[in-house]
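Notes follow the structure.
Taken together, the values in this text are just the output of simple stated rules run on the coordinates, not laboratory data. The shown structure was predicted, so the numbers you read here are calculated from the model rather than taken from an experiment. Neighbour counts are summed over all protein chains in view; Cβ atoms, including those assigned to glycine, are modelled from backbone coordinates with ideal geometry.
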Amino acid sequence: MEKTYKRRKYLVDKKFQIKFILRFSILVLAGGFITVVLLYYLASQSTTVAIQNSRVLARTTGNFILPLLLQTVLLVTLIVGAAAAALSLLISHRISGPLFRFKKVMESLEDGDFSTEFHIRSMDQFHELEQAFNAMIRSTKQELHKIKDNLGLLKQKLDNIAEQDLPEPKRRALSELKEISEELNRTIRHFRT
């Protein structure tokens, strides 16, 4: 059974996500502004006659509809802006969440911990990265196990050589090989698989 990962925080990478949301919202506001300007310009090319408080008024259509146009576009922009902010929060979370987890796994790998894998939720982005990265971790784990096994065999073989039967240059070489073997063992013990 696959472990499910629930969202705990919506702002995982605050700087990235806030910038993403602001850019998306600015785009919505710009769209509303362009709509008002364009409609006003097009409406200012015609004249409208209206009766207001028992008076007949003749004005450009743009001047008649501008207050209503501003109210409508402002209201629609606010509603669409709020929806866009919520949507961009979800989209940015589906991007920054996996990147945050990827960074955490990279930090544990840097510390020598190869016992962990990179997991993301089914709705998040970067599933191909998850699969490739986990394949790389499994492959590295296998190679580390081979190195550990071969170092164990090397240590056994080095320990089985009787030093007293060897001439001095070979005894020094054997001693150096044992030191190198111990250093490699200390290094390989750093990695947790």
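Quick notes
- Rounded tilt (10° steps) of 127-160 against the dominant C-alpha axis of the chain: 10
- Protection proxy ranking for 52-59, 38-45, using the average of other Cβ atoms within 10 Å per residue and placing the highest first: 38-45, 52-59.
- Among the listed pairs LYS103/LYS146; LYS141/LYS170; LYS103/LYS148; LYS19/LYS103, those beyond 31 Å (Cα-Cα): LYS141/LYS170
- Measuring r between the beta carbons of PHE100 and LEU29 and using R0 = 35 Å, the FRET efficiency lands at 0.75.
- Compared with the dominant Cα axis of the chain, that is its longest principal axis, helix 14-43 is turned about 20°.
- FRET efficiency for the pair GLU110 and LYS15, taken as 1/(1 + (r/R0)^6) with r the Cβ-Cβ distance and R0 = 25 Å, rounds to 0.65.
- Between helix 61-110 and the chain: long-axis angle, C-alpha atoms, 0 to 90°, nearest 10: 0
- Kirkwood-based shape ratio for the chain, expressed as Rg/Rh from alpha carbons: 1.46
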